[in-house]
Amino acid sequence: MNPIHLPIAVRQFVQSLWGFRHFIYGSVRREFQTRYANSLFGFAWPFLQPAVMILIYTIVFSQLMQAKIPGVQSEGSYSIFLCAGLIAWNMNAELLSRFTGLFIENANLIKKVSFPWFCLPVITMASGAINHLIMATLLLVIVAGFGGVSWLACLHLLPLMALLALFASGLGLVLAIVNVFFRDVGQLLGLGLQLWFWLTPVVYPLSILPGYAQQLIQLNPMLPIVQAYQSLLTLGVQPEYATLSYPLAMAALFWLVALRMVNKRLPDVIDEL
């Protein structure tokens, strides 16, 4: 795509999304209704599942194991540190997993000539963002119970969520296109996510690693995002937005590559489906 034409393409893309806003909203709402239909607790499940996870980690690590973060003595600091990293990582993993099968699972819709394919990534990203917001809100309640950071400081979570959603969905859209032609991508993703998880300081602080390992992990674009979540929720430290330029640049690169691939290969994708 010619860089000169990029602003025009972006404007047209946004206008197209706005034209299908009712379809996008209805699809996201329908997905939540379908997921929890005919269940005993209904729409309480999105709150119960993360609440149980946070409660378990808080009891196990804060009360039983007495785990601490180096230099932080506040009660429950490690459980908050762990949960903050996990909710960031879980959103990344969920979006990547759902995006990878995006075209294959919606083959019947994409084959329709008039169907706006670009609505599918937005619907998936919006659904994942809502789940993430629910988990983050529950964690904020836990943090408030421990006398943690102020609610005003936690407004910094919103740009972090937006960046994480853009990064994961951009990479996921690239994988979704490749997965149409090479179905092994879906299987390899599970293995890749396991390795990527342990190369991201979610369950451990980066400071405990030797210097050479810290330098290698600096290449991980999830590192600044996870650290920003953990610092904000555990210590009340506002994110250093300059450090987030790396994952932001990667997110922009993934989206440009994905849109270029779709622009060139969409007819081939439809034929392959």
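The values are calculated or read from the model by the stated rules, or taken from the named source; none is laboratory data. Note that the structure is predicted; figures quoted are calculated from it, not measured. Cβ atoms come from the backbone with ideal geometry, glycine included; neighbour counts cover every protein chain shown. Protein only, heavy atoms only, side chains kept; ligands, DNA and RNA dropped before computing areas. Shrake-Rupley method; radii C 1.70, N 1.55, O 1.52, S 1.80 Å.
Can you name the residue in the range 94-106 that is in a helix (DSSP H, G or I) and either without any contact (Cβ under 8 Å) to a residue 24 or more places away in the chain or open to solvent by 20 Å² or more (accessible area, probe 1.4 Å) (or both) and, of all such residues, is nearest to Leu188 (Cα to Cα)? It comes out as Ser97. Would you confirm, using the coordinates I've provided, whether Ser207 is under 15 Å from the mean Cα position of the chain (by Cα) and either within 18 Å of Ile110 (Cα to Cα) or among the polar types (S, T, N, Q) (or both)? For Ser207, the condition - under 15 Å from the mean Cα position of the chain (by Cα) and either within 18 Å of Ile110 (Cα to Cα) or among the polar types (S, T, N, Q) (or both) - is not met. Counting the residues of the range 137-158 that are among the aliphatic types (A, V, I, L, M) and at pLDDT 80 or above gives 3.
Of the residues making up the range 109-139, those that are open to solvent by less than 20 Å² (accessible area, probe 1.4 Å) and either of a type in the set (Gly, Ala, Ser) or farther than 15 Å from Leu164 by Cα (or both) are Ile110, Pro116, Cys119, Leu120, Ile123, Ser127, Gly128, Ala136, Leu139. Counting only helices (runs of 4 or more DSSP H) wholly contained in the range 146-252, the ones carrying 3 or more residues that are open to solvent by 40 Å² or more (accessible area, probe 1.4 Å) and over 30 Å from Phe103 (Cα atoms) occupy 211-217.
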